[in-house]
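Notes to accompany the following structure.
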Amino acid sequence: MKTVDAPTYGSLEQADTNNATIIWWHEKTEHYDPDDTWDDDRFPRRYEDWYQDKDLTNNGYKNFGWWNKPFYNWLENDRLIQACSSQLPLTQRERAHAKGLFHRLSGRKFGTYKETFAVVTCLYVVETSETDRRRGHPNVPEEEKPTEFRLEDVSQRFGVSVKWIRKAYARIERWVRRGDLRYYPEFDKYNEEFPLEYEHRVTELFIQHMEG
């Protein structure tokens, strides 16, 4: 199994993962049975496998057997920061800020603390907002913060330790102050999302290849 870990393969570096065209290779219809096979020498033989390969290549998820690993890393991080920000009372602008900041931080090896950094990114954007008067910094007295931003509440809600909330916040402060942020590919450059069922199908395929 082959994956692309860095933007070195031209067509994947410019992958259009928001391509409007989706080939529904898995859905049986009156005129299409995914289990049918070609009568000529096309490969793969099964309709579903053949159209699947064309669809994944067309959208930049893979190319000639190479899987676009940066996209799947981006997708995992994107779903994580969206899930965390939706569980905290952030404004729409703060959620967008948290998403952009987390993607620029996530080139780092967070390891098992990735969720902690995602949660703390949300606290950071609230604390540093020029218009939001609420506090999110771990060192601010708890009585001065909304309940949802208090350390024990955040720790219990997300299952992350108070100790690592403090550590992660200090690191994010330092990285932002130094301008030590990373470039990330604009996989969502068209600001569109493909159907969730389709996303799950493609993600399952990628996981199967990674585990295989």
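The values are calculated or read from the model by the stated rules, or taken from the named source; none is laboratory data. All figures in this text were calculated on a predicted structure; none of them were measured in a lab. FYI the Cβ positions are ideal-geometry reconstructions off the backbone, even for glycines, and counts take in every protein chain you see.
ASN59 - would you say it is assigned by TED's automatic domain parsing to the domain that holds LYS114 and crowded, with 18+ Cβ neighbours inside 10 Å?
no
Filtering the stretch 135-147 down to residues that are surrounded by fewer than 16 Cβ atoms within 10 Å (Cβ to Cβ) and among the charged types (D, E, K, R), which residue is nearest to GLN92 (Cα to Cα)?
Checking each candidate, the answer is GLU144.
Within the stretch 56-72, can one find any residue that is among the hydrophobic types (A, V, I, L, M, F, W, C) and modelled with pLDDT of 85 or more?
Within the stretch 56-72 (the criterion being among the hydrophobic types (A, V, I, L, M, F, W, C) and modelled with pLDDT of 85 or more), the answer is no, since none of the residues qualifies.
Going through the stretch 83-129 one residue at a time, which ones are without any contact (Cβ under 8 Å) to a residue 24 or more places away in the chain, among the hydrophobic types (A, V, I, L, M, F, W, C) and in contact with a helix residue (DSSP H, G or I) (Cβ under 7 Å, 6 or more places away or on another chain)?
Of everything in the stretch 83-129, just one residue is without any contact (Cβ under 8 Å) to a residue 24 or more places away in the chain, among the hydrophobic types (A, V, I, L, M, F, W, C) and in contact with a helix residue (DSSP H, G or I) (Cβ under 7 Å, 6 or more places away or on another chain), namely PHE110.
Tell me which residues, restricted to the stretch 136-161, are assigned to a loop (DSSP other than H, G, I, E, B) and at negative phi.
GLY136, HIS137, PRO138, ASN139, VAL140, PRO141, LYS145, PRO146, ARG150, VAL160, SER161
In the stretch 135-147, which residues are farther than 19 Å from VAL176 by Cβ and in contact with a Lys or Arg (Cβ under 8 Å, 6 or more places away or on another chain)?
GLU142, GLU144, LYS145, PRO146
Can you spot a residue in the stretch 112-130 that is more than 28 Å from ASN73 (Cα to Cα), part of a loop (DSSP other than H, G, I, E, B) and β-branched (Val, Ile, Thr)?
no
Among the polar types (S, T, N, Q) and within 26 Å of LEU75 (Cα to Cα) - does that describe any residue in the stretch 139-148?
No, there is no match, as no residue in the stretch 139-148 is among the polar types (S, T, N, Q) and within 26 Å of LEU75 (Cα to Cα).
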